[in-house]
Amino acid sequence: ALIVLYLAAIGIFHFEHDAQPDKFTSVFDSLWWAVSTLTTVGYGDIYPITPGGRLFTFVVLVLGLGVIAVPRA
């Protein structure tokens, strides 16, 4: 789960940093988005606006459901 979390933070930083440099300032800051997305909480304070970021978010949400949320239930 930690590896998926780290890869999600790197991925969203790659897709969204240029479009939202004030929200995705570093990979470390992108970890907040990764944690809230992988745990399916999704607070809505940071969200993707680019098509690539939205597609990547879909993949991360599916991974979050399959790897973290469903096995815990």
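Which one, G52, G11, G44, has the greatest fluctuation when you compute a Gaussian network model over the chain with C-alpha springs under 10 angstrom?
In the Gaussian network model the winner is G44.
Could you please put V27, V41 in sequence from largest to smallest accessible area, using a 1.4 Å probe?
Listed by decreasing accessible area, they come as V41, V27.
Please list 3J(HN,Hα) in residue order for region 18-26, calculated via the Karplus relation 6.51 cos²θ - 1.76 cosθ + 1.60 where θ = phi - 60°; whole Hz, with x for glycine and proline.
Taking θ as phi minus 60°, the curve returns 5, 7, 9, x, 7, 9, 9, 6, 8 Hz for region 18-26.
What is the gain in length, in nm to one decimal, between A19 and T50 on full extension, counting 0.36 nm per residue of separation less the C-alpha to C-alpha distance?
Working: separation 31, 0.36 × 31 = 11.16 nm, distance 0.73 nm.
The A19-T50 span can extend by a further 10.4 nm.
Round to the nearest 10 and give me the degree value, 0 to 90, for the angle of helix 27-38's Cα axis relative to the longest principal axis of the chain.
40
Going by the alpha-carbon gyration tensor, a ≥ b ≥ c the square roots of its eigenvalues, is region 20-63 rounded (a/c under 1.5) or, if a/c is not under 1.5, prolate (a/b greater than b/c) versus oblate?
Values: a/c = 1.74, a/b = 1.21, b/c = 1.44.
Cα axes put region 20-63 in the oblate bin.
Considering only protein heavy atoms, with the full assembly of protein chains and a 1.4 angstrom probe, order L61, L38, L31 by accessible area, largest first.
Sorted descending by solvent-accessible area, the residues read L61, L31, L38.
If I compute solvent accessible area with a 1.4 Å probe over the protein chains, what percent of it on the chain is carbon and sulfur? Please report the intermediate quantities before stating the final value.
Working: 3250 of 4580 Å².
Answer for the chain is 71 percent, counting heavy atoms of protein chains only.
Taking the dipole about the Cα centre of the chain, with the C-beta of Lys and Arg at +1 and of Asp and Glu at -1, give me whichever of P71, F13, S26 is farthest to the positive side.
Result: P71, furthest along the dipole toward the positive end.
V35 versus V59, label points 7 Å from Cα toward the beta carbon: distance in nm?
Placing both labels 7 Å along Cα→Cβ, they lie 2.4 nm apart.
For the chain, calculate the relative contact order in percent as a whole number, restricting contacts to Cα pairs under 8 Å that are 6 or more residues apart.
Averaging sequence separation for qualifying contacts and normalising by length gives 34 percent for the chain.
The values are calculated or read from the model by the stated rules, or taken from the named source; none is laboratory data. Keep in mind that what you see is a predicted model, and the values were worked out from it rather than measured. So basically every Cβ, Gly included, is an ideal-geometry build from the backbone, and we count neighbours across all protein chains shown. In case anyone asks, the SASA skips ligands and DNA or RNA and just uses the protein heavy atoms, side chains included. Shrake-Rupley method; radii C 1.70, N 1.55, O 1.52, S 1.80 Å.
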